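Everything on this sheet refers to the single structure shown next.
The values are calculated or read from the model by the stated rules, or taken from the named source; none is laboratory data. All of these numbers come straight from a predicted model, not from anything done at the bench. Every residue, glycine among them, receives a Cβ derived from its backbone with ideal geometry; neighbour counts consider all protein chains shown. Remember, those area values only see protein heavy atoms, side chains included, never the ligands or the DNA or RNA. Shrake-Rupley method; radii C 1.70, N 1.55, O 1.52, S 1.80 Å.
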Amino acid sequence: TETNDEHRNNGTPPATTRISFAKHLSMTTKQFLQHYSSSSSPTPQKKRYNIIMGNEAGDADSIISSLAYSYVKSLDDNDDETLIQQPIVCIPKDDLPLRRETTLLLDLCGIPYRRSDDLLFINDESIETLLSHGHGDNEEKNHILQLTLMDHNRIKSSLNHLSSNVVEIVDHHQDEGYHQETMTTTTTSREIAFENGKATVGSTCTLVAERLFHSLEKKDEIVIDYSLGLALLGVILIDTMNMNPNAGKGTKRDEAMIHSLLKYTDWSNKDSKNDEKLQEKIFSSSSTKQGNGQVQPNCAALYELLQSSKFDRAFWEDEMNVRDCLRIDYKRFQVSPPSPTTTTTSLAFGMSSVLLPMDSLVYKKEGGMASFQKEAQDYMESVNVN
């Protein structure tokens, strides 16, 4: 058989016996639920949990980077069998179908998400219980639950009580300066790719890919299975707009990871359940071939497929109501009082990104502006925005 060095020289990914990304996610979730349901306490002392979670907007980068980072962590030698690395989707399960580019990418990667034991969500009973019981003022409770923040560097306001449980951050937004006292000062435990007023990567998935290759290089086995390679590649293309220089979002680090993912992913091992027509669009005749004849995905075709599903005008206008539009990409911000001694209460405001002209959003219902204002007010009250 060829050595890994020979494979690297001819551009052919070597075969691997590692568990696939899709299988890893399935096994991780099932093991978590099995252990959790068999525990007599919501926070059993025998096990500790590191919950890997994205930001509350729950875009493709937040979701995929959390799932993929749990896989990267599984590659590292870890003698601590009491620590369970569990990724979660940081939005309610009912909201996932609204993220069409994310569900399309999961389908393309052969990653199931529809059943209750496929992926874990922020509103699953086991996660809600863990997040409510796993905190406290004493060191013992903080030791049971750890949090890794992906694609954001300040825990969302509804989980402020878990601020001291944050032990790791992987992000590319401006550093808000939180959680510094709860983690070591190493670049790996607090990696925020933002310098001199701008992000140094366009996607958190780029940071995950960098860590993935670093882990694989230590094992001298640089090969990535289809589901993981396509998931990371798809998100990086979305976030950098396919490295469009006019967009100014992609960086050299993003470009390097796109190249490496294309080169070292085993593109031959596609999931047979995937839509063949979609596969044909991605792996078109214009796609590049690897040294062994494998066809790489066409980045432009993959990007257009994912981007069009996200910006589909008919979906936004015809299939979503006002509330759906407001919650599909919503972020909450908390403004603290000027000082602990002031009597002023903290203020909260929300931001919803809507991919429609304002008139199309306001006049979704016959009542026009008055109807929209009521819908918006009702949504504000439901998310406790004052």
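So if we plug the beta-carbon distance of Lys252 and Asp220 into 1/(1 + (r/R0)^6) with R0 = 35 Å, what FRET efficiency do we get, rounded to 0.05?
0.85
Could you go through region 232-247 in sequence order and give the Karplus-derived ³J(HN,Hα) for each residue, using 6.51 cos²θ - 1.76 cosθ + 1.60 with θ = phi - 60°, rounded to whole Hz, and x for Gly and Pro?
5, 4, x, 5, 4, 5, 4, 5, 9, 6, 6, 6, 5, x, 5, 6
Hey, quick one: spin label on Lys331, modelled 7 Å out along Cα-Cβ, who in region 151-171 has an amide N within reach, i.e. under 11 Å?
Within reach of a label on Lys331, which here means backbone N under 11 Å from a point 7 Å along Cα→Cβ, region 151-171 contributes 151-154.
Only residues of region 306-327 count here: report those whose backbone N is under 12 Å from the spot 7 Å along Cα→Cβ of Met369, or say none.
none
Quick one: if the Förster radius is 30 Å, what FRET efficiency do Lys277 and Asp378 give, using the C-beta to C-beta distance and rounding to 0.05?
0.15
Using θ = phi - 60° and the Karplus curve 6.51 cos²θ - 1.76 cosθ + 1.60, what whole-Hz ³J(HN,Hα) does each residue of region 317-333 get, with Gly and Pro shown as x?
Using θ = phi - 60°, the values come out as 7, 9, 9, 10, 8, 4, 4, 4, 4, 6, 9, 5, 9, 10, 10, 10, 10 Hz.
Filter Lys93/Lys156; Lys73/Lys331; Lys277/Lys310; Lys218/Lys249; Lys331/Lys374; Lys156/Lys374 down to the pairs with a C-alpha to C-alpha distance above 24 Å, please.
Flagged as over cut-off: Lys73/Lys331; Lys218/Lys249; Lys156/Lys374.
Provide the solvent-accessible area of Tyr379, counting protein heavy atoms only and rolling a 1.4 Å probe, rounded to the nearest 10 Å².
20 Å²
Multiply the residue separation of Arg313 and Gln174 by 0.36 nm, subtract the distance between their alpha-carbon atoms, and state the gained length in nm to one decimal.
46.9 nm
With the crude spin-label approximation of a point 7 Å out along Cα→Cβ, what separation in nm comes out for Phe349 versus Arg115?
Roughly 4.6 nm, to one decimal.
At 1.4 Å probe size, what's the solvent-accessible area of Leu347? Round to the nearest 10 Å².
Counting only protein heavy atoms, the figure is 90 Å².
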